[in-house]
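Below is one structure, written out as structure tokens; comments come after it.
The values are calculated or read from the model by the stated rules, or taken from the named source; none is laboratory data. Here the structure is a predicted model, which means the values were calculated and not measured. Backbone-built Cβ (ideal geometry, glycine too); neighbour counts: all protein chains shown. Accessible surface areas use protein heavy atoms only, side chains included; no ligands, DNA or RNA. Shrake-Rupley method; radii C 1.70, N 1.55, O 1.52, S 1.80 Å.
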Amino acid sequence: MEQSFIMIKPDGVQRGLVGEVICRFEKKGFHLKGLKLMNVERNFAEKHYEELNTKPFFEKLIEYIISGPVVAMIWEGKNVVTTGRKIIGATNPSESAPGTIRGDFAVEMGRNVIHGSDSVQSAKKEIALWFPDGPVNWQSSISHWVYE
Ligand code: UDP
């Protein structure tokens, strides 16, 4: 089953949006397979965003991610990577649709509350980085009420 790496960024934690974010993924029918609240070291943040390290906003992005604790999660379900990105909304909150997390709770790109893997391949890489021990192994006992 497909998995995605989802992270509530420091602004989301500070603003008390942890429950709201978890609620949206949970109610959709996805299953939580990993969860931790943690402060991120600069080197680790740089590794997570290494593909963006030539971008002009890179330094500000790293400062943002290390500015307070984040909530790192693994969510599992059919098409969770693509659907997760839809739940999250466009990178720029000015363009994210109402009803999405960024559309409902964010104004600026540098305070856009949440990260979600953009492909199955990057999800695998990000989960390996953030959860070296892998996901928690459990199966929902009501999966047949979500999956036909
Ligand atoms: N970002 C930014 N300015 C930009 C583009 C991106 O501050 O012009 C930040 C923003 O927080 C975004 C993150 O960098 O979420 C990673 O950028 P990416 O293009 O990977 O967007 P995402 O996958 O998070 O939607």
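What the table below lists for this structure:
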{"item": "So Thr83, is it β-branched (Val, Ile, Thr) and without any contact (Cβ under 8 Å) to a residue 12 or more places away in the chain", "result": "no"}
{"item": "Criterion violated by Ile62 - all others in (1) in a helix (DSSP H, G or I); (2) of a type in the set (A, V, I, L, M); (3) within 14 Å of the chain's Cα centre (by Cα) satisfied", "result": "(3)"}
{"item": "Which numbered condition Ser119 fails, given (1) within 13 Å of the ligand (Cβ to nearest atom); (2) open to solvent by 30 Å² or more (accessible area, probe 1.4 Å); (3) over 13 Å from the mean Cα position of the chain (by Cα); (4) of a type in the set (Gly, Ala, Ser)", "result": "(3)"}
{"item": "Residue that is part of a loop (DSSP other than H, G, I, E, B), open to solvent by 40 Å² or more (accessible area, probe 1.4 Å) and within 16 Å of the ligand (Cβ to nearest atom), where the choices are Lys55, Lys47", "result": "Lys55"}
{"item": "Which listed residue is open to solvent by 20 Å² or more (accessible area, probe 1.4 Å), small (Gly, Ala, Ser), outside any loop (DSSP other than H, G, I, E, B) and more than 12 Å from the ligand (Cβ to nearest atom), from Ala128, Ala72", "result": "Ala128"}
{"item": "Candidates Val107, Val136 - the one that is under 17 Å from Ile22 (Cα atoms), out of contact with any helix residue (DSSP H, G or I) (no Cβ under 6 Å at 6 or more places or on another chain), outside any helix (DSSP H, G or I) and of a type in the set (Val, Ile, Thr)", "result": "Val136"}
{"item": "Residue satisfying all of: in region 75-104; more than 13 Å from the ligand (Cβ to nearest atom) and among the charged types (D, E, K, R); surrounded by the fewest Cβ atoms within 10 Å (Cβ to Cβ) among these", "result": "Lys78"}
{"item": "Check on Thr91, hydroxyl-bearing (Ser, Thr, Tyr) and part of a helix (DSSP H, G or I)", "result": "no"}
{"item": "All positions within region 29-40 that are assigned to a loop (DSSP other than H, G, I, E, B) and closer than 19 Å to Gln14 by Cβ", "result": "Asn39, Val40"}
